[in-house]
Every structure is written in structure tokens, then in C-alpha cells.
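The structure appears right after this line, and notes come after that.
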Amino acid sequence: MKKTFLKVAAVAVMAAMTLTSCAVMNSGAAISSNSPVGTKVGEAKSGIVFALFSLNGKENNIQKAAANGGITKISHVEYIDNYILGGIYIEHTTRVYGE
């Protein structure tokens, strides 16, 4: 009985993890100017665990993303949140476009 329950619980957990493994939410342009989208793209990423702990949060900003892409003139900024395992881990990306 106990082994059967553990097997069913393990299968249920795996099914839940598979069905809720990844979803992109809260995506869109945060800052936009009248200039066309630049040819260069820079990104900075950070993670959030259990909506409590930030990983590399200070490294995820517009200035860092621009530096990563070699951008000196920013035309657009985009924020993307990728929810993994039903939101247990959230990958936050700042994407900068420009020249």
C-alpha cells in the first residue's frame, strides 16, 4: 500500500512538473522611442526563486544589458519573465535594442 502511494505520488509530481514546466508571461516593451529598432541587442538576466530570493538581481538592469550588447544609444527596452516549474523559478530578462 505504501509503495503504491509513493509511486502514484511520484507520477503525479512528474506530471505536474511536465504540464507546468514553462510559460512566458509579462512580456512587452517598457520603454520605446520614436527611433527605429537598432541593429544591436543586449541582454541581462536574473532569477527569482520561490518569489523570495533574487539571484543576480543587481546585475539585471538597462545599463548592464546595454553594456553586454555594446550599445551606446538605446532605442527600445523589453522585459521578459519566464515562469519555470509553475513559478518556483522565474527568469527575468532585460533586453535592450539600439546602436
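The values are calculated or read from the model by the stated rules, or taken from the named source; none is laboratory data. Note that this is a predicted model, so its numbers are computed, not measured. When we count neighbours, we look across all protein chains shown, and the Cβ atoms used for this are built from the backbone with ideal geometry, even at glycine.
The table for this structure:
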item: Complete set of residues in segment 65-99 that are of a type in the set (V, I, T), buried (at least 17 other Cβ atoms within 10 Å of the Cβ) and more than 21 Å from V37 (Cβ to Cβ); result: I90
item: Where A67 falls short, out of the listed (1) under 20 Å from E99 (Cα atoms); (2) among the hydrophobic types (A, V, I, L, M, F, W, C); (3) modelled with pLDDT under 90; result: (3)
item: Residue within segment 55-64 that is over 15 Å from the mean Cα position of the chain (by Cα), surrounded by 15 or more Cβ atoms within 10 Å (Cβ to Cβ) and at pLDDT 80 or above present; result: yes
item: Members of segment 22-53 found to be within 12 Å of the chain's Cα centre (by Cα), hydroxyl-bearing (S, T, Y) and at pLDDT below 90, listed by number; result: S27
